[in-house]
1. At a Förster distance of 45 Å, what's the computed FRET efficiency of Asn142 paired with Ala83, Cβ-Cβ distance as r, to 0.05?
2. Compute the acute angle (0 to 90°) between the alpha-carbon long axis of helix 190-215 and the principal axis of greatest extent of the alpha-carbon atoms of the chain; round to the nearest 10°.
3. How tilted is helix 111-127 with respect to the longest principal axis of the chain? Cα atoms for both, answer in degrees (0 to 90, nearest 10).
4. Below 14 Å Cα-Cα, how many Lys pairs turn up in the stretch 4-215? Only count pairs eight or more apart in sequence, or on different chains, if you could.
5. Given Cβ point charges of +1 (Lys, Arg) and -1 (Asp, Glu) and nothing else, what value in debye, to the nearest 20, does the dipole of the stretch 125-216 about its Cα centre take?
6. With a cut-off of at most 13 other beta carbons within 10 Å, and DSSP calling the residue loop, which chymotrypsin sites (Phe, Trp or Tyr not before Pro) in the stretch 137-194 qualify? Please list them.
7. Rounded to the nearest 20 debye, what is the charge dipole size of the chain about its Cα centre when +1 sits on each Lys and Arg Cβ and -1 on each Asp and Glu Cβ?
8. Gln156 label point, 7 Å along Cα→Cβ, cut-off 17 Å on backbone N: hits in the stretch 165-191?
Amino acid sequence: MRFKAAAFHFAVIAFGLLLGAASAAEARTIQLVGLGDSLMAGYQLPPGDGFPAKLQAALKAKGLDIAIADAGVSGDTTSGGLARIDWSVPDGTDGVILELGANDALRGIPPEETEKNLEAIIVRLKERKIPVLLAGMIAPPNMGADYAAKFNPIYQRLAGKYQLQLYPFFLDGVATHADLQLADGMHPNSTGVDVMVRNFEPAAASFIGMIAAAAK
């Protein structure tokens, strides 16, 4: 599934913000944390091939002084993320890329519980004045239409309620593409991570631009 219109919109906004962010970032390194599960942690990938490392490299290539800590834990659910939020996101963090929920869907956890946990994470971060870029997820087809109808709108609803920047589908461009996945058919391979980073980069640049602007 592609979100070409959203990606184009992000790219237009990010182009202008990127220059401002780069200038503001000269004073200090912007510290981001990728809080997620195995999709963030780079499941079965060599060191340096995971999403945070590759996104950091891509943004640095654009001139941004940025560091992205990998707080991905394979197998983690939204309840697990909530339990570790305080120590996974240290003081001094400028922003969080929040990517959780895939394992909830795989395990058939009630969407209401997933939403409650994600909301609690968001509220905790907002109390600490840490901005959030919310990475959405889509329920796997085998969970059925009823489950998907309850699960899929969670991210849009939370983004609207808390005025968060939303990247609609973290696996955009990789899901359903076997050549971009590991043999398990769920996790991205190294090339798949490259695709994810390329698609996500404009949203990340926009997010960093907003952080830099707010710090002025």
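None of the figures in this text is laboratory data; all of them are computed from the coordinates on show. Every value quoted in this text rests on a predicted model; they were computed, and no experiment measured them. Backbone-built Cβ (ideal geometry, glycine too); neighbour counts: all protein chains shown.
1. Working: r = 27 Å, r/R0 = 0.61.
Taking R0 as 45 Å, the efficiency between Asn142 and Ala83 is 0.95.
2. Approximately 50 degrees, to the nearest ten.
3. Tilt relative to the chain: about 20 degrees.
4. Working: Lys54/Lys62; Lys116/Lys150; Lys116/Lys161; Lys126/Lys161.
Lysine pairs meeting both conditions in the stretch 4-215 amount to 4.
5. Details: 8 positive and 7 negative charges, 134 e Å.
Result for the stretch 125-216 is approximately 640 debye, rounded to the nearest 20.
6. Values: sites: Tyr147, Phe151, Tyr155, Tyr162, Phe169, Phe170; in loops: Phe169, Phe170.
Answer in residue order: no site qualifies.
7. Details: 18 positive and 22 negative charges, 124 e Å.
For this selection, approximately 600 debye.
8. 165-172
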